[in-house]
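So the structure is just underneath, and the comments pick up after that.
The values are calculated or read from the model by the stated rules, or taken from the named source; none is laboratory data. Bear in mind that the values here come from a model prediction, so they are computed numbers and not experimental data. No Cβ is skipped: glycine too gets one built from the backbone with ideal geometry, and neighbour counts run over all protein chains shown. Calculation scope for accessible area: heavy atoms of the full protein, side chains included, ligands and nucleic acids excluded. Shrake-Rupley method; radii C 1.70, N 1.55, O 1.52, S 1.80 Å.
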Amino acid sequence: MKRALALLAFLLGWLVLGATPASAHVEVLSSTPGDGARLSAAPSLVSVTLSENIGIQPGSIKVVDLEGHQVDSGPVFQPGDVAEQVGVRLKPGLPDGSYLVEYAFVSADSHPVRGTFAFVVGTGPLVTSAGAVSAATGTDAAVDAVSTAVRWLAYVGVVLLGGLAFLVLCRPAGRTDRRARRLLRWGAGLVAATTVATFVLQGPYAAGRNLEAVFDTGLLADTLRVAYGKLLLLRLAAVAAFALLLPRLLRRDLPDRLRSRYENLAMVTGFLVLLTFSATGHPVTDPIMFVSVTADLVHFGAIAVWTGGLAQLALCLHRPADGEDLPAVATRFSRLAAGCVTAIALSGAVLALRIMPSLETLWTTKFGPLVLLKIAGLAVLLAVASRSRRAVRRGLAGSSSASGDTAVVTADVRKLRLAVGAEVLLSAVVLALAALLTVTPPGG
Ligand code: HEM
C-alpha cells in the first residue's frame, strides 16, 4: 500500500511537472483559395492543408455554387507532394459567383472534423461560411451516446478475454471449468458484436447523421475506405481467431509442445485486438506516435490482464473446483496484479502527459477531470485490493478444502469475495470513465 501510494504521488508529480504540448483532432491549417477570397477568375482546383496526414478520404471535399449544384469534378487527391494537403479539381469554365467548400475528414484518432469555407469569383456577394465544426459540436447526440456505450462494452469484452492470462498463469485447474470458459466466450462475443456495432455507427458519427443512417450503404463504404474501418475488420478477424483457439488451448490433455504454440498464438491475436484500439484513438495524434501507442498497448493490456483476472478470481472464489487450492491461486494472482497495477499507473501517466495539450487541461477542459477521476478510481481500487491482499496473506485459513469439501467457506474467503466483487464493479466504472475519456477531445 505504501509503495502504491508513493507511486501515485510520484505520478501526480510527474503529471504536474512534465506536461508537454500535444495535438488535437485534425485541423484545416490553410486552404487555396482562402476563406473569403475574392478571385478574378475561377480556380481549377481547391485544396486544403491539414494538421496531419489522414490519407485520401473519398468524398471528403465538395464544392457547391449558390444553387447548391456540385461544381467539383473527379476524386479527392493529393495535389502536390505534401501528404497533409488534399484537393479536388473544379469543372472548367465556372461562371462568376460565390462558391462554398464543404469538408468532412475523419482524424487519425477516428474523430470527425467537418466545416465549410467560401470564396467568390468576380464581383458578386460572398456567402458566409460556417467555418470548422469540431467533432464535439457536430455529432448527433444519440449516435454519440450509443457509440460511447458500445465502446464501454467493447472494453468489458476485451477485459473478459484478458481473463485467459489468469487461467494460464494463476489457475491451471480452471481450464476445464465450464463457467470460466463461458466468461471467455462471452468476452469474444462482446468484442465481435461491439466491433460490428462500431463499424455501422462510424458512418453516421463521421457524417453528423442520426441513428437511422447506420445502414446507409454509402456511409458503410466510406468507413470501409478509411484506416479506422480496416482496423475494425482486423479486430473482428483477430477475435474470431482467438475464439477458435480457446477450446484447443484449454483442452485438459494438451501436449506441452502444442500448449506453448497455442498460448503464443493467443498472445498474438490478443495483441492484435489491443492494437486495433491503440492505433485508432488519441495516441495516434502524438507527434511521436510510437510512444503513445506503446503506452496505450501496455495500459490496455495490463488492464485486461488485471481486471479480467479479477472477474475470473471472483468466479473461482464463488465456486472453486473440487480440491482447488484457493490460497495458491489468490497468491499467484496477487503477484500478477501488483505488476499490472504498476504498468497501468506508469503507462496512464505517460498517455496523459503525451495526449494533454498542457497542464491547464487538467482543470480547463472536460478531458482533464476525467483523467483525475481515473487516477482517483485507481486509488480506490488499490485501497479495496489491499483488503483482498490481507485476506490472502492470512492464507485463507482453512479454505483449501483438502478434504474436497468445497462447503468450507471461512470469514477470510467471504471477505476476499466481497473485496474482489467490489474491485470488479469499480473496474467497470473506471472502464466507463475510459470510454468517455477516449471520445472527449483532449484540447476541449
Ligand atoms: C493512474 C491511473 C490512470 C491514468 C493516469 C490513466 C490515463 C489514461 C489516458 C490518458 C488514456 C488515453 C485516453 C485517450 O486515448 O484519450 C487512458 C486510456 C484508457 N484507460 Fe486509463 N488511466 C489510469 C487508470 C486506468 C484504470 C485503473 C483503468 C481500468 C480499470 C483504465 C482504463 C483505460 C482504458 C480502457 C483506456 C482506453 C484504451 C484504448 O481505447 O486504447 N485506466 N487512460
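Quick notes on this one:
- Full-extension gain in nm, Leu418 to Asp96, via 0.36 nm per residue minus C-alpha separation: 108.5 nm
- Evaluated with a Cβ-only charge set (Lys, Arg +1; Asp, Glu -1), the chain carries a dipole of roughly 2620 debye about its Cα centre, given to the nearest 20.
- When the Cα atoms of the stretch 28-121 are aligned to their principal axes, the ranges along those axes come out at 39, 25, 22 Å in descending order.
- Here the gap between Ser44 and Asp81, fully extended at 0.36 nm per residue and compared with their Cα-Cα distance, gives a gain of 11.5 nm.
- Relative to the dominant Cα principal axis of the chain, helix 289-318 is inclined by about 40°.
- Each residue, Ala237 and Arg390, gets one label point 7 Å from its Cα in the Cβ direction; the gap between the two is 5.1 nm.
- In this view, the solvent-accessible surface of Thr176, computed with a 1.4 Å probe and all protein chains in place, comes to about 60 Å².
- Between the beta carbons of Leu169 and Val380, assuming R0 = 25 Å, the FRET efficiency works out to 0.45 to the nearest 0.05.
- Separation of alpha-carbon centers, the stretch 40-78 and the stretch 194-245, rounded to whole Å: 25 Å
- Computed per residue of the chain from DSSP H runs no shorter than four, each worth -39500 (n - 2.57), the mean residue ellipticity at 222 nm is -20000 deg cm²/dmol.
- Between helix 256-278 and the chain: long-axis angle, C-alpha atoms, 0 to 90°, nearest 10: 40 degrees
- Multiplying the residue separation of Thr217 and His318 by 0.36 nm and subtracting their alpha-carbon distance yields 31.6 nm.
- Placing unit charges on the Cβ atoms of the charged side chains and taking the dipole of the chain about its Cα centre, the candidate lying farthest along the positive direction among Pro125, Ala321, Pro95 is Ala321.
- Listed residue (Ala411, Val76, Val150) projecting farthest to the positive dipole end of the chain, Cβ model: Ala411
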